[in-house]
Each structure stands twice: as C-alpha cells, then as structure tokens.
Amino acid sequence: MASVTTMGSAISVATLLLCFSLGNAQEYRAPVRSTVSRRVIPSESEVSKGRADVIEKIKETRAGAEKLLALHETDRERRADEYQQRRDLYYKGLIARTDVLQAEQELIDAMGRVDEDKRWIGETDMAITEAAMRDELLRLPGLTVGGYSETTKLLRFNGASLWSLAQATKIERFFSETFGHALPISALGQTPTHDRLHFDHRDAMDVALHPDSKEGKTLLSYLRQAGIPFIAFRSAVPGAATGAHIHIGKPSARF
C-alpha cells in the first residue's frame, strides 16, 4: 500500500514538473535581432570620386553658360545699336520719346543678363577651385590660432577673430575707401553651386581678387591685421578660368 502511495506521489511530482517546464517554454521568447541596418560611411576614395563627378557636371553646366553669355552679349550689342538709332531719330523729330525710353530699358535688361552670366561663371570657377584643391588643403598641417602659411597655390591665415558675415560691411567699407570702388564679392554665404558640391559656405564670402594683385595684397594685409581668417587661392583650374580668389572665413566644411 505504501509503495502505491509513493508511486502516486512520484507521478504527481513528475506531472507538476512537466507542466512547469512547458509553461516556461511557452512564456520564453527567443530574442529578436534588430532589423535596423547600420549607416554605411563612404570611404575617402568614394567621397573624392563623388566630388570629381560633381565637378565634371558643373563644368558641363559652365560650358553651357558660356554659350548663353555669348548670345546675351550679341543681343546686348544689337540693343545698344538700336538704342543709338532711336536716339538719333528722336533728335530729328521722327519718333516719340517713349520709343527711346523703351529701347533704353531693353538695353539695360540686356546688360543685366550679361552681368549675371559673368557673375555666375566667376562664382562657379571659384567654387570649382575650392573643390578641386580640397584634398590638397586637407593634407596640409593645421594652423595654430594666428598662424599663417603660404604655398605656390594657397595662402592661409587662421585669424583669432570671431568671424561672421556681419563683418562683411566693415571689409567692404575699407576696400571702397581705399580703392574708390566696390569690393568684388562673388559669393556671400551659401549659393546653389556650393549646395551641389555639398559645401557649407553659409558663413563665408568669396572675393574675386587674385591674391598677388595690388588690391588682393592690400585686402589680405587688412584681414591679417583684423585677425580675420582666410584662404587665398592662386592656381588655375584646368579647362576653366583662373578661379583665383580670396575666401574669407573658415574653410568650407563638407555637409
């Protein structure tokens, strides 16, 4: 009788253990692996190739802009001749003054298109220069605060001044008082060309002056005295205009 009771107790315990084990198995859930993929960081060679591809596309756009400039210059010359002819006819009493004013406005518009084409081409040349020389710039050793360095292609100054575009008016005033004409700014802050190159140019300005020209040297001397950082580009870009200019502000970081 005792053996039967013992056997029954053993079966009950075994049954409880089996139920407990199955219950835990049902509650257990295998860990789910995250399906979020890691961000792939492009290699330096991939970044350089991507930048080179963008530069080539911008050069193609620039070539189209030069053709458009030629057409606009031809149109400007034609409208200048027409304006002069209408002036002569007006002084002879053959046409009304409104006809002269209309021709004058058309000439002004044509001149504006030419100026805008030239400004865009100049801005593009400078942006391409900065992009093409970026790798060389990154290979150079960093400058201490107040440090200056010069190579055959670049002049750099790491000024201690807390630079911002708000100081641009001060630089413009100095230049106009010194030379009697406006500072030739080609890019003030971010431009569509810098967007395409993925360069952060929001707090920088480019000036269309060769650093070795009289005006360029005077401006660089002023910037150093004021502690304003700059990078001056001397070299030409193959297949384009010189692209020489003075970049005022910190180097354009890549977005």
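The values are calculated or read from the model by the stated rules, or taken from the named source; none is laboratory data. Source: prediction; values computed, not measured. When we count neighbours, we look across all protein chains shown, and the Cβ atoms used for this are built from the backbone with ideal geometry, even at glycine. What goes into the accessible areas is simple: the full protein's heavy atoms, side chains included, and nothing from ligands, DNA or RNA. Shrake-Rupley method; radii C 1.70, N 1.55, O 1.52, S 1.80 Å.
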Taking region 177-206, which residues are farther than 20 Å from Lys118 by Cα and open to solvent by 80 Å² or more (accessible area, probe 1.4 Å)?
Glu177, His198, Arg202
Considering region 124-149 alone, what residues qualify as being assigned to a helix (DSSP H, G or I) and in contact (Cβ under 8 Å) with a residue 60 or more places away in the chain?
Thr124, Asp125, Met126, Ala127, Ile128, Thr129, Glu130, Ala131, Ala132, Arg134, Asp135, Leu137
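Conditions (1) crowded, with 18+ Cβ neighbours inside 10 Å; (2) aliphatic (A, V, I, L, M), marked per residue:
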{"position": "Ala103", "(1), (2)": "yes, yes"}
{"position": "Arg113", "(1), (2)": "no, no"}
{"position": "Asp117", "(1), (2)": "yes, no"}
{"position": "Trp120", "(1), (2)": "yes, no"}
{"position": "Gly142", "(1), (2)": "no, no"}
{"position": "Arg156", "(1), (2)": "yes, no"}
{"position": "Ser161", "(1), (2)": "no, no"}
{"position": "Leu165", "(1), (2)": "no, yes"}
Hey, among Glu130, Glu106, Glu116, Glu150, which residue is acidic (Asp, Glu) and within 21 Å of Asp203 (Cβ to Cβ)?
Glu130
Restricting to region 65-96, what's the tally of residues that are of a type in the set (A, V, I, L, M) and touching a residue at least 12 places away in the same chain (Cβ under 8 Å)?
4
Only one residue in Asp88, Asp117, Asp99 is closer than 28 Å to Pro192 by Cα and either among the charged types (D, E, K, R) or in a helix (DSSP H, G or I) (or both), so which one is that?
Asp117
State whether the residues of region 126-138 include one that is under 21 Å from Asp195 (Cα atoms) and open to solvent by 70 Å² or more (accessible area, probe 1.4 Å).
yes
